Amino acid sequence: MAEIIVVTSGKGGVGKTTSSAAIGTGLALKGFKTVLIDFDVGLRNLDLIMGCERRVVYDFVNVINKEATLNQALIRDKRTENLYILPASQTRDKDALSIDGVEAVLNELAESFDYIVCDSPAGIEKGAQLALYFADTAIVVTNPEVSSVRDSDRILGVLQSKSRKAEQGETVKEHLLLTRYNPGRVEAGEMLGVEDVKEILAIPLLGVIPESEAVLKASNQGVPVIMDADSDAGQAYDDAIARFLGEDREHRFLNAERKGFLSRVFGRKS
């Protein structure tokens with residue numbers, strides 16, 4: 001039976017879809033059969049990040065409405081074995097998703113996949129509520145900013161009260177993924193530190209993703225940044241996947257890089 005992972009955030013623009021793509025790809029690279037589902041009906045960005053936008057014929061809503069089979073709608077990733085994408089519709093609105101329809105699709109996927117990664121819209125509108133409702137595990141993506149952390153705390157409240165697990169008297173496993181982290185700005189007092197965010201949200205820290213040009217470059221190329229093994233962001237996502245699967249890895253990229261004397265004087269590395 002598949003584990004349903006929802007990647008969620010209270011605020012938009014925190015790197016949630018980038019994280020969904022990296023997490024799904026990372027799990028598939030570890031040998032697990034994984035499907036990524038885009039719950040953001042009306043916008044649909046996951047296929048762009050995954051570089052498969054031109055291959056979309058049928059979508060999530062088509063499957064729910066029985067206008068296409070799941071096999072017709074699923075897109076197999078060309079780079080990563082065991083990875084599939086179920087895109088959202090760009091032409092429907094959020095009401096196109098129904099709890100019964102979503103449950104039927106998830107149940108069918110659960111028969112043949114190890115992990116179902118749901119890229120949830122930000123906030124608590126209908127698409128987000130449905131993704132959150134069925135979650136076994138939630139990865140809460142937040143930036144080290146007060147407004148982003150506050151909105152993430154609200155999402156945790158929804159998970160703890162309105163999820164299927166909550167209705168059954170169980171708990172959704174929760175993980176914190178801190179994105180766009182800049183240690184220099186933390187030291188300057190312009191961002192919250194890791195410990196500040198952990199104290200506010202009080203859930204286990206899965207990973208800290210540094211602010212990196214590699215993320216934008218990967219998104220524009222339609223390649224999940226975790227596949228850029230030379231980048232700090234790619235390495236940080238790989239670390240996060242390893243921790244998710246039970247490996248003990250030290251957190252990296254938490255401290256500002258110290259420049260030597262010659263670097264400060266002449267502007268080059270010492």
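The values are calculated or read from the model by the stated rules, or taken from the named source; none is laboratory data. Note that this is a predicted model, so its numbers are computed, not measured. Please note: Cβ atoms are built from the backbone with ideal geometry, for glycine as well, and neighbour counts cover all protein chains shown. Side chains included, ligands, DNA and RNA excluded: accessible areas come from the protein's heavy atoms. Shrake-Rupley method; radii C 1.70, N 1.55, O 1.52, S 1.80 Å.
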Inset, instruction - Might you check whether a residue that is open to solvent by less than 10 Å² (accessible area, probe 1.4 Å), free of Cβ contacts under 8 Å to residues at least 40 places away in the same chain and either under 21 Å from the mean Cα position of the chain (by Cα) or within 24 Å of residue 257 (Cα to Cα) (or both) occurs anywhere in the stretch 162-169? - result: yes
Legend entry - Identity of the residue in the stretch 216-234, part of a helix (DSSP H, G or I) and open to solvent by 50 Å² or more (accessible area, probe 1.4 Å), that ends up farthest from residue 77 (Cα to Cα): 232
Inset, instruction - Hey, could you check the stretch 141-174 for residues that are in contact with a helix residue (DSSP H, G or I) (Cβ under 7 Å, 6 or more places away or on another chain) and not in a helix (DSSP H, G or I) and say which is farthest from residue 125 (Cα to Cα)? - result: 144
Inset, instruction - Examine the stretch 40-53 for a residue that is surrounded by fewer than 24 Cβ atoms within 10 Å (Cβ to Cβ), at pLDDT 95 or above and more than 16 Å from residue 219 (Cα to Cα), and state whether such a residue exists. - result: no
Inset, instruction - For residue 21, work out the one condition from (1) open to solvent by less than 40 Å² (accessible area, probe 1.4 Å); (2) farther than 20 Å from residue 239 by Cα; (3) outside any loop (DSSP other than H, G, I, E, B) it doesn't fulfil. - result: (2)
Legend entry - Failed condition for residue 61, given (1) aliphatic (A, V, I, L, M); (2) outside any loop (DSSP other than H, G, I, E, B); (3) farther than 23 Å from residue 158 by Cα; (4) at pLDDT 95 or above: (4)
